[in-house]
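Here is the structure we will look at, set down as structure tokens.
The values are calculated or read from the model by the stated rules, or taken from the named source; none is laboratory data. Predicted model only: the values in this text are computed from it and were never measured. Virtual Cβ from ideal backbone geometry, glycine too; neighbours counted across all protein chains shown.
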Amino acid sequence: MFTLRGVTKRFKAGEVALDGIDLEIRPGERVAFIGPSGAGKTTLFRVLNCTLKPTDGEFRIDGEDVAGLRGRRLRETRRKIGTVYQHHNLVGRLRVVHNVLAGRLGTWGALRALQSLVRPAELEAAGAVLARVGILEKLFSRTDDLSGGERQRVAIARLLIQDPSAILADEPVSSVDPSLAEGIVKLLVRLSEEGRKTLAMNLHGVDLAFGHFPRVVGVRQGRILFDRAPEDISPADLEALYPPKMEEARRDFLSFAAVPDSEPIRVSGGHPG
Ligand SMILES: Nc1ncnc2c1ncn2[C@@H]1O[C@H](COP(=O)(O)OP(=O)(O)OP(=O)(O)O)[C@@H](O)[C@H]1O
Ligand SMILES: [Mg+2]
């Protein structure tokens with residue numbers, strides 16, 4: 001489904017977010033990505049869903065070179081991939097049904113989309129996907145009134161109505177209650193299995209990655225540190241992935257100190273002059 005060869009992403013500031021990534025994800029595979037904050041996981045997902053162009057390297061979806069795609073072809077390729085984010089990107093003041101049907105915006109014209117706001121088209125389809133995520137009774141609720149876990153389910157329903165071949169979930173559970181997190185991960189795993197969809201998920205929780213994915217990729221400083229089955233990942237692998245807290249603090253301090261125009265630090269309460 002996804003093939004990356006030497007994919008590099010440099011941002012304007014010169015920061016290398018991805019540093020020569022080689023990765024192959026086959027159709028229907030389930031892969032978890034773990035790694036410290038700033039490792040490049042979100043950047044990688046933005047390349048995978050074609051919202052960010054690599055600076056270097058080759059990126060193919062279903063064998064097609066994404067760099068060569070424009071206009072309608074690019075939109076069609078993007079539509080194959082559905083993304084769930086940490087914050088669900090729902091419109092709170094709309095009813096659930098409208099947020100779900102927004103998943104069709106990629107295929108509908110603007111007029112049809114506007115009409116849908118007045119009289120929900122494909123109401124039955126919206127109900128069906130909400131039933132699959134377990135909250136059919138919320139069809140006409142105001143999205144604002146739902147709990148965090150329910151909102152994430154609405155976001156997943158919106159993705160299902162888009163019917164993508166691959167689901168990317170970027171930390172889908174970091175803003176929901178920890179007791180609900182596993183339920184959401186399990187739901188995404190089940191839906192991807194039922195629909196034979198590829199599933200790639202960024203997770204902060206190593207336990208969730210190890211418990212629900214046959215393949216776990218460790219990302220650090222824009223590089224892949226390991227890519228294997230959880231049973232083949234050693235404590236030493238995890239130690240190498242997550243830098244000790246002191247090291248992190250030292251790095252943060254040094255990068256702060258390196259900012260040339262930063263305000264001088266003033267200590268209040270000192271003696272003047
Ligand atoms: N739009 C941007 N412009 C400049 N730098 C960026 C941009 N997006 C990300 N970066 C930088 O790229 C690096 C990787 O960021 P990214 O968001 O991919 O990390 P992450 O692994 O998803 O982290 P987290 O676990 O905190 O979500 C970071 O150093 C970040 O500051
Ligand atoms: Mg991220």
Helices (runs of 4 or more DSSP H) completely within segment 147-215 that count 3 or more residues being more than 16 Å from ligand 2 (Cβ to nearest atom) and surrounded by 16 or more Cβ atoms within 10 Å (Cβ to Cβ): 148-162, 178-194
Could you check residue 84 against (1) in contact with a helix residue (DSSP H, G or I) (Cβ under 6 Å, 6 or more places away or on another chain); (2) modelled with pLDDT of 95 or more; (3) within 16 Å of ligand 2 (Cβ to nearest atom) and say which number it fails? (2)
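Quick check on segment 176-206: of everything there that is out of contact with any helix residue (DSSP H, G or I) (no Cβ under 6 Å at 6 or more places or on another chain) and within 16 Å of ligand 1 (Cβ to nearest atom), which residue is modelled with the lowest pLDDT?
Our first condition is that a residue be out of contact with any helix residue (DSSP H, G or I) (no Cβ under 6 Å at 6 or more places or on another chain); within segment 176-206, this holds for 177-179, 181-183, 186-188, 190-198, 200-201, 204-206.
Among the residues that remain, those that are also within 16 Å of ligand 1 (Cβ to nearest atom) are: 181, 200-201, 204-206.
Numbers: 181: 88, 200: 98, 201: 97, 204: 86, 205: 83, 206: 91.
For segment 176-206, the residue satisfying everything is 205.
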